[in-house]
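Novice: One structure, as structure tokens, below. Some questions next.
The values are calculated or read from the model by the stated rules, or taken from the named source; none is laboratory data. A quick note: this is a predicted structure, and the numbers were derived from the prediction, not measured. Glycine also receives a Cβ, built like all others from the backbone with ideal geometry; neighbour counts cover every protein chain displayed.
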Amino acid sequence: MATVELRFSALPEHVRTARLVAAAVARRAGVDESVLDEVRLAVGEACSRAVGLHRRSGSDGAVRVALIEQEKRFLIEVEDEAGLRGGSDGVSAVGAGGTAGGGDSGDDELGLAVITGLVEDVEVGKGSDGGVIRMSWPVSTATVEV
């Protein structure tokens with residue numbers, strides 16, 4: 001099981017890099033070419049959402065993206081650290097309002113709606129320091145060598 005991990009400052013300009021790396025690693029892991037745009041878009045939405053949560057909560061923590069190649073699935077986890085200064089339960093983007101620190105929940109809900117529309121297997125939960133979005137896609141048995 002191979003894992004690639006990215007950690008970046010919560011700045012919008014880093015989201016594009018995360019999308020590109022996710023698509024490249026997904027291709028190498030054997031995710032079908034027809035799904036790569038969905039992977040790219042879902043990672044972009046999840047990372048943009050994490051950046052927004054950091055900015056609204058005033059957290060200077062990093063956004064973490066883990067790209068995990070499993071035997072039959074390709075798993076991506078996007079974790080924010082906005083819970084460090086975020087909502088009352090210490091968890092950003094999880095729960096009734098969906099936001100930390102009283103921010104605009106409309107953007108968060110729209111981002112989650114886009115992600116759930118793109119990804120069949122998605123889970124929003126608590127991470128070690130904030131919220132985490134876990135997404136996965138099936139991989140073909142023959143992987144592509146790059």
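Novice: Cβ contacts < 7 Å: first residue within 16 Å of V119 (Cβ to Cβ), restricted to region 45-62; second residue assigned to a loop (DSSP other than H, G, I, E, B) and modelled with pLDDT of 90 or more, any location; separation 6+ or different chain. Result?
Specialist: Partner pairs satisfying both residue conditions: A50/A10; A50/D80.
Novice: For A66, are the conditions met, namely being at pLDDT 95 or above, among the hydrophobic types (A, V, I, L, M, F, W, C) and surrounded by fewer than 17 Cβ atoms within 10 Å (Cβ to Cβ)?
Specialist: yes
Novice: Just the residues that are hydroxyl-bearing (S, T, Y) and in a helix (DSSP H, G or I), please, taken from region 6-29. Before the answer, list the steps.
Specialist: Pass one, region 6-29, residues hydroxyl-bearing (S, T, Y): 9, 17.
Result: T17, single match.
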